[in-house]
1. Positive end of the dipole of the chain, charges at C-beta (+1 Lys, Arg; -1 Asp, Glu), about the Cα centre: which of Ala14, Leu182, Gly154 has its Cα farthest in that direction?
2. Report D for the chain in µm² per second (integer): Stokes-Einstein, Kirkwood Rh on Cα pairs, 4 °C, 1.567 mPa s.
3. Before rounding to the nearest 500, sum -39500 (n - 2.57) across all DSSP H runs of length at least 4 in the chain and divide by the residue total; then give [θ] at 222 nm in deg cm²/dmol.
4. Estimate the FRET efficiency between Thr55 and Leu18 by the formula 1/(1 + (r/R0)^6), using the beta-carbon distance for r and 25 Å for R0, to the nearest 0.05.
5. Can you tell which of Ala112, Ala97, Ala44 shows the greatest fluctuation in a Gaussian network model of the chain with Cα springs below 10 Å?
6. Between Leu169 and Val153, what is 0.36 nm times their sequence separation minus the Cα-Cα distance? Round to one decimal in nm.
7. Would you mind telling me which residue in Gly107, Gly165, Gly154 has the biggest mean-square fluctuation in a Gaussian network model of the chain, where springs connect alpha carbons within a distance under 10 angstrom?
8. Give the peptides 47-55, 20-28 in descending order of average Cβ contacts within 10 Å, highest first.
Amino acid sequence: MLVLPFLGIGLAAAIPLLLWSGPDDLIVASTVHLAGVVILGLSATMRLASLADDTWFAGTGLDGFWRRIISAAGITALVTGMVALVTMATGAAIGFAPSLQYLQLLGAMDIAWATTALMIGLLRWSGFRAAIVGGLAVAAICVWSIWRYLDVVGFTEEGGWLVDGDRLLTLVIPVDMAAAVLAIVVLLIGTRHAQRTEHANPQS
């Protein structure tokens with residue numbers, strides 16, 4: 001499977017991290033870690049997005065629109081699963097506290113699925129360049145929101161995730177929800193655009 005090289009790269013990165021004595025600056029380390037796994041996910045998406053087409057489940061009687069939606073969901077699941085495994089392995093290797101590892105995992109998975117769905121939608125709608133720019137922009141904003149939360153709230157004495165519900169509701173969750181809605185809307189629009197283009201050019 002084409003996602004395996006990216007998984008291998010991510011898991012290989014965990015090996016030298018085992019030799020690290022631990023981060024001196026948690027907010028820098030957690031932000032760099034999150035950004036790194038997100039970039040890996042974006043790279044995998046750029047490689048796999050073009051495979052999300054209507055050839056999936058051809059001959060089943062499903063409309064081309066829904067075959068494209070299913071293919072997008074499949075690629076999104078692959079990328080998100082890869083990102084989750086790499087995040088867990090590298091977070092543990094760095095020596096993050098378990099609760100901080102959990103925050104990193106939640107953040108990485110949330111960003112991975114939203115950016116993957118968004119990029120597939122943009123690829124179908126406006127092309128490869130738009131997909132890259134859109135994915136990078138949404139990923140950067142989401143990583144920033146988590147950095148901002150940790151910068152404002154801080155960490156527990158053990159270096160773990162200090163949960164502040166009010167700050168989550170103002171700094172993180174609105175960004176996550178906006179990214180999710182944007183990803184779904186763009187995916188639907190892009191898929192509908194691809195469907196109309198196919199009907200307008202049946203010879204393709």
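1. Farthest along the dipole direction, towards plus: Leu182.
2. On the way: Rh = 17.8 Å.
Calculated translational D: 73 µm²/s.
3. It lands at -26000 deg cm²/dmol.
4. 0.05
5. So, out of Ala112, Ala97, Ala44, the one fluctuating most is Ala97.
6. 4.5 nm
7. Gly165
8. The peptides rank, most packed first, as 47-55, 20-28.
FYI, it's all coordinate maths here, none of it is from the lab. Keep in mind that what you see is a predicted model, and the values were worked out from it rather than measured. Heads up, the Cβs are rebuilt from the backbone with ideal geometry, glycines too, and the neighbour counts pull from every protein chain shown.
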